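Every read-out reported here was derived from the displayed coordinates using simple, explicitly stated rules and does not represent laboratory data. Remember, predicted model here, so these are calculated numbers, not experimental data. Cβ atoms come from the backbone with ideal geometry, glycine included; neighbour counts cover every protein chain shown.
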Amino acid sequence: MRQYALKRVALIIPTVLLVSIIVFTVMRLLPGDPALVILSEGDASFTQEELEDLRRQLGTDRPIVIQYVDWIGGLLRGDLGTSIWRSGRPVTKLVGDRIFRTLELAVLAIIIAVVFAVPLGVISAIKPDSVIDYFSRVIALVGISIPTFFAGLLVVLVLSRGFGWLPPLGYADLWDDPWKNIQQMFLPALALGFYDMAFIARVTRSSMMEIIREDYMRTARAKGLAERIVLVRHGLKNAVLPILTISGWQFGRLFGGTVIIESIFKVPGIGTLLIETVFQRDFPTIQAIIIVIAVSIVIINLLVDLLYGLLDPRIRYA
Amino acid sequence: MTTTSTGQPAAGATAAELQDIRPKQSVSKKLLNFCRAKPLGAISAAIIIITILAAIAAPVITPYDPFDLVHEPFLPMSSSAWLGSDELGRDVLSRVIYGARVSMYVGLASVLIGITIGTVIGIVSAYVGGIIDLTIQRIVDALMAFPAIIMALGLTAALGSSVNNIVAALVVILLPGAIRVIRAQVLSIKELDYTLAAQAIGARPWRIMLRHILPNVAASYIVLSTITLGLAIIIEASLTFLGVGVSADIPTWGGMLTEGAQKYIRTAWWLAVFPGMAISIVVFSINFLGDALRDTLDPRLRGR
């Protein structure tokens, strides 16, 4: 296991390095001259001096390799650079203030997804072609096809029109007002988790379907174990590996979904920060947010892989 | 490396006998068989074709001009305005039909370009192997670390958000997945007897890739294109919804769901529901067709 873990950890170094190069290329090279792009926004006129100033502020007057090395050095020290707008505030602080809310949303969404998806998937695997199976398959297909932003709007529409219920206005942090916070976060998390619920339910169903036919399930029943114990301890425990992997991947994908959901439900997380900065063309901040998200996903995938190796000895020696 | 157990023809069978085993089917017969075996897939295909035709014929079939203020604002559904009118009095049905144009153009263009380039890179990467393959695979790994919508936001911030720049951003997003799937297929194809035979008689690598490998990933190409089309349409709509995609002057499904629709969702629900339904139905059909095509064309892809 240790060797497997070390090998897997070592593999992420080139990946993270490449991720940083991609982000850097997209943010500093593609726009040509970011300073020019920022200044020429909305046909505003500007002087050569202003251009030079902004270039110096962005650091784009230096050779490209130096810029990259400088940026990477900062990243390793936990310094994500400074925002162009927001009077040059450090990006680390901007992101740090908001990332917790995004994480809370993502964790809540994955919990909602798993809590609904696993029982749904298990029941439809035990009783294929039953009403519940049919229902959960339709839900799964619909869930995969409805775009996140439409799911978000539908949740608002159904709850406000159908039930006359609206979440309390004005965002409250979990620590300040936990009850208000949960009321506010539940809806966005539900809308966000819908797709993942559909996906996880599909995987659970097919994974359980295979295991139900295994010999050890019949053996467990034959030796007189209660059906509940057969299903949970012998069935679900073996089906959990693919479910876990998919949930891990989905968790990474949730970071993309939060951008949309945060904007609908006005949650001040890093998703809304990213959109604001895209509008403002605040390249250092956009760059910082994207690298934070990408590296988080690389790390989550690593953790899923390690957990997988821990749970299933076959992976370690393959 | 040279031993392979798959893809061996029945021992002693002559070429003529092999042809008897696999009778040639005409295209229309194949289509008929597909409709019979996968009726829901066929219906999905019909919905997609109708949407594409509606997008092309939009100026002819829409009851009103999508930009004109033809109705009273906030008109609910009625015989004159089938799907109601928006906050300015524009006809929602006409705007939904016009919205198909951007979605279909962006979706089809990005998939065609992205999956084609991805297929070429995937074939070369797997066939040539070595340091080229290793480099490409590490880049693919790194690109996979970005959620699609985040990558799209970053690219549109850098490139600017015209329709064609969104297509370019989508191409970058679709590439890594396509490269990975095609590469995996080519890795097994290149060990098959017919590839080895071609190598043995001294065919050049580019000829093997073009004549022997390319035709054998055609099925995956079609399935991949269908499955990613839905993703491309959703990402374009999401970007436009967030206000960083296609300009608000053009009627789009994502654009119809932004500010106006959100603000008036409790009083005029039809503003949000119909464009949302249009996207959902089209993407649903695409996913369904993708599943059906995968089962029919390429059983190897099943469960991936």
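A few remarks follow.
- Of the trypsin sites (Lys or Arg not before Pro) in the stretch B:63-103, not one is in a loop by DSSP (not H, G, I, E or B) with at most 11 other beta carbons within 10 Å.
- Given charges at beta-carbon only (K, R positive; D, E negative), |dipole| of the stretch B:154-290 in Debye: 340
- Mean separation of Cα pairs under 8 Å and 6 or more residues apart, divided by the residue count, gives the stretch A:93-317 a relative contact order of 27 percent.
- In terms of distances greater than 31 angstrom between alpha carbons, the cross-link table entries A:Lys223/B:Lys38; A:Lys127/A:Lys223; A:Lys93/A:Lys266 yield A:Lys223/B:Lys38.
- Separation between Cα centres of the stretch A:203-266 and the stretch A:21-71, rounded to whole Å: 48
- Förster-model FRET efficiency, 51 Å R0, B:Leu187 and B:Glu72, C-beta, rounded to 0.05: 0.25
- Available extension along the chain between B:Ala218 and B:Glu87 is 42.4 nm, counting 0.36 nm per residue and deducting the alpha carbon span.
- Listed by Cβ neighbour count within 10 Å, with the fewest neighbours leading, A:Ile246, A:Ile132, B:Ile97, B:Ile235 appear as A:Ile132, A:Ile246, B:Ile97, B:Ile235.
- Using a Förster distance of 51 Å, the FRET efficiency for A:Glu227-B:Asp249 (Cβ separation, nearest 0.05): 0.25
- Relative contact order for chain B, counting Cα pairs under 8 Å that sit 6 or more residues apart, in percent: 22
- Relative contact order computed over the stretch A:245-318 (Cα-Cα under 8 Å; 6+ residues apart), in percent: 32
- Magnitude of the charge dipole, the stretch A:12-79, Cβ model with Lys/Arg +1 and Asp/Glu -1, debye to 20: 440
- Candidates per chymotrypsin sites (Phe, Trp or Tyr not before Pro) in the stretch B:130-233, loop by DSSP, up to 10 other Cβ within 10 Å: none
- Dividing the summed -39500 (n - 2.57) terms of all DSSP H runs of n ≥ 4 by the residue count of chain B sets its mean residue ellipticity at 222 nm at -22000 deg cm²/dmol.
- Dipole in debye (nearest 20) - chain A, about Cα centre, beta carbon charges: Lys, Arg +1; Asp, Glu -1: 1620
- Separation of the A:Arg218 and A:Leu11 label points, Cα + 7 Å toward Cβ, nm: 3.7
- Extension gain, A:Ile132-A:Gln57: 0.36 nm per intervening residue step, less the Cα-Cα distance, totals 21.0 nm.
- Gyration tensor verdict on the stretch B:153-263 (Cα atoms; rounded if a/c is under 1.5, prolate if a/b is larger than b/c, oblate otherwise): prolate
- Within chain A, helix-based [θ] at 222 nm, where runs of 4 or more DSSP H residues each add -39,500 (n - 2.57), nearest 500: -24500 deg cm²/dmol
- Rounded to the nearest 0.05, the FRET efficiency derived from the C-beta distance between B:Ala203 and A:Val158 at R0 = 51 Å is 0.25.
- Extended-chain gain in nm, criterion 0.36 nm per residue less alpha-carbon gap, A:Asp176 and A:Leu306: 43.3 nm
- Projecting the Cα atoms of A:Pro128, A:Val69, B:Leu293 onto the dipole axis of the protein assembly as shown, where Lys and Arg carry +1 and Asp and Glu carry -1 at the beta carbon, places A:Pro128 farthest toward the positive end.
- Distance between the stretch B:227-295 and the stretch B:66-98 - C-alpha centres, whole angstrom: 18
- With neighbours defined as other Cβ atoms within 10 Å of a residue's Cβ, the residues B:Arg266, A:Arg77, A:Arg221 order from fewest to most as A:Arg77, B:Arg266, A:Arg221.
- Considering only A:Ser207, A:Ile289, A:Val155, the residue lying farthest towards the positive end of the dipole of chain A is A:Ser207, judged by Cα position with unit charges set on Cβ.
- Projected label points at A:Ser40 and B:Arg266, each 7 Å from Cα along the beta carbon direction, are separated by 4.6 nanometres.
- Spin-label model, A:Ile66 to A:Val115: label points 7 Å out along the Cα-to-beta-carbon direction sit 5.5 nm apart.
- Cα gyration tensor, the protein assembly as shown - rounded (a/c under 1.5), prolate or oblate: rounded
- Per-residue Cβ neighbour rank within 10 angstrom, fewest leading, B:Leu293, B:Leu153, A:Leu39: A:Leu39, B:Leu293, B:Leu153
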